[in-house]
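The values are calculated or read from the model by the stated rules, or taken from the named source; none is laboratory data. All values reported here derive from a predicted model rather than from experimental measurement. Positions of Cβ are backbone-derived with ideal geometry, glycine not excepted, and every protein chain shown enters the neighbour counts. Calculation scope for accessible area: heavy atoms of the full protein, side chains included, ligands and nucleic acids excluded. Shrake-Rupley method; radii C 1.70, N 1.55, O 1.52, S 1.80 Å.
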Amino acid sequence: MADLTIANTVSDLIQGDVREHLPLERIPLQGDVLGLGTTSSLENGELTFLRNASGNSDIWRCIAHNGSIIRLQPGDGSGHFPYVCFTGDVTALRRPVELGPLQQMKHRPIQEVISTAIKQERQRGALEEAPIYGIRLLAHWDELVITVASKLCMGQQRRNQGFSSESDDGSQAEMSIYDRLQHYRLAPLPPEQPDGPIRYLGKSMQWDCCGFFDREPERGLVTVPKASDHLHLHGCSTDLAYGGHVLHDHPNTRLGSIEQLVLYPLQTIESLCSDLAINQLSYAEGQIHFSVTNAGALDVSDVGVAVVVNDRFSDHRYLQIPWMDAGASESYSLPWPLPPGQHSIAVVADPHELVIEPQSRRQNNRMDLTVTIP
């Protein structure tokens, strides 16, 4: 198993609706498992992977409309993730950071602190070089702004921009895609103006965080694909009241102290993908028969299938498959009487290429058949 497994990427997520999903049941949670992700548009929210008292890991879903969290359990019907990245048990890769020098970085951006920690541990020979570093962080914040992904909250962008523009350094926050998401603020004291654009949650200031530091964020694997965005960090307050995406570059996020920081050098990466295929295309007794298979590693939703006879696209038939598990296959029979003569039949899965699938795997999305009717 690779050190890090990615089901879709952050780049895939921000480009639009994602139809590929990985169920909770396919993520191993035995031992120290790092990960983060986003739930479906129906459920809304962020995913945070936290250690539990037994030494294993749990996934907590952060809820968009109020910033609260719930622990996900296999079989509860809430675990289909359009984007998630996770490790196996990385206990053997744990590299605790020497915190003394870092405590001088109070109120510095946490991305800068973690970058400094990586350099520090590399210089003292305590950390291997790696393309991506996993992170576990226990921190106390003087003030914290979080976001929770939700399509229902995209209208928050204008309000959030207004809040950011009040800051001397709000331009950076305004440029972030996270401005489109629901924002929440945690601080020891409530705001002087309770009706401000960012909702105040409370004073739960100690947070258990998990995330990744990508040395090449331009790839968009686990962070926003920008040269300066190395860090993607999710977390939950240690009283298990709130959770979400730590908006580390927001001008109103201020680090108090780091109580624990562990880095994990992740060397190998595996990307899961979809692979739709058309099989067993035949024609008999006035009906077109074929099967659609999901040969990939991800479940797929809203799969379209086009059936075209004699290249007459104006007269084609279109099927919609609401959901198809990885490894599943569905067979179909479509009545279509053909007159005597030679005819071409084409069946195409995902003709509009809405499903994220590597180009090298798209050849089997189409199957053609020539039939002669006496």
Considering only residues of the stretch 184-201 that are open to solvent by less than 10 Å² (accessible area, probe 1.4 Å) and in a strand (DSSP E or B), which is farthest from C62 (Cα to Cα)? L186
Condition met for D275 (of a type in the set (D, E), in contact (Cβ under 8 Å) with a residue 60 or more places away in the chain and over 30 Å from V371 (Cα atoms)): no
Note on S274: of the conditions (1) at pLDDT 95 or above; (2) buried (at least 20 other Cβ atoms within 10 Å of the Cβ), unmet is (1)
With respect to A149, determine if the residue is surrounded by 20 or more Cβ atoms within 10 Å (Cβ to Cβ) and either at pLDDT below 80 or within 19 Å of G235 (Cα to Cα) (or both). yes
Which is without any contact (Cβ under 8 Å) to a residue 60 or more places away in the chain, open to solvent by 60 Å² or more (accessible area, probe 1.4 Å), assigned to a strand (DSSP E or B) and not hydroxyl-bearing (S, T, Y), of P337, P322? P322
Got a number for residues in the stretch 82-104 being hydroxyl-bearing (S, T, Y) and either in a loop (DSSP other than H, G, I, E, B) or open to solvent by 40 Å² or more (accessible area, probe 1.4 Å) (or both)? 1
Check off (1) at pLDDT 90 or above; (2) of a type in the set (S, T, N, Q); (3) open to solvent by less than 20 Å² (accessible area, probe 1.4 Å) for Q30 and give me the number that stays unchecked. (3)
Taking the stretch 275-320 and keeping only residues that are hydroxyl-bearing (S, T, Y) and within 17 Å of P358 (Cβ to Cβ), one is left with T293
Hey, any hits in the stretch 14-31 for a residue that's touching a Lys or Arg at 6+ places or on another chain (Cβ under 9 Å), among the polar types (S, T, N, Q) and over 21 Å from P265 (Cβ atoms)? no
For residues in the stretch 281-294 being open to solvent by 10 Å² or more (accessible area, probe 1.4 Å) and at pLDDT 95 or above, which is nearest to A349 (Cα to Cα)? T293
Counted residues, the stretch 352-374 - those being closer than 17 Å to V303 by Cα, assigned to a strand (DSSP E or B) and without any contact (Cβ under 8 Å) to a residue 40 or more places away in the chain: 0
Whether any residue in the stretch 129-136 is crowded, with 16+ Cβ neighbours inside 10 Å, in a loop (DSSP other than H, G, I, E, B), at pLDDT 95 or above and of a type outside the set (G, A, S) is what I want to check. yes
Report whether or not A349 is in contact (Cβ under 8 Å) with a residue 40 or more places away in the chain, small (G, A, S), open to solvent by less than 20 Å² (accessible area, probe 1.4 Å) and closer than 24 Å to P82 by Cα. yes
Got a number for residues in the stretch 20-58 being out of contact with any Cys (no Cβ under 8 Å at 6 or more places or on another chain), over 27 Å from L354 (Cβ atoms) and not basic (K, R)? 13
Which ones in the stretch 352-374 are modelled with pLDDT under 95, in contact with a strand residue (DSSP E or B) (Cβ under 7 Å, 6 or more places away or on another chain) and exposed (fewer than 12 other Cβ atoms within 10 Å of the Cβ)? H352
Within the stretch 205-310, strands (runs of 3 or more DSSP E) holding 1 or more residues that are closer than 30 Å to D325 by Cβ and small (G, A, S): 206-214, 243-246, 269-272, 276-284, 287-294, 299-309
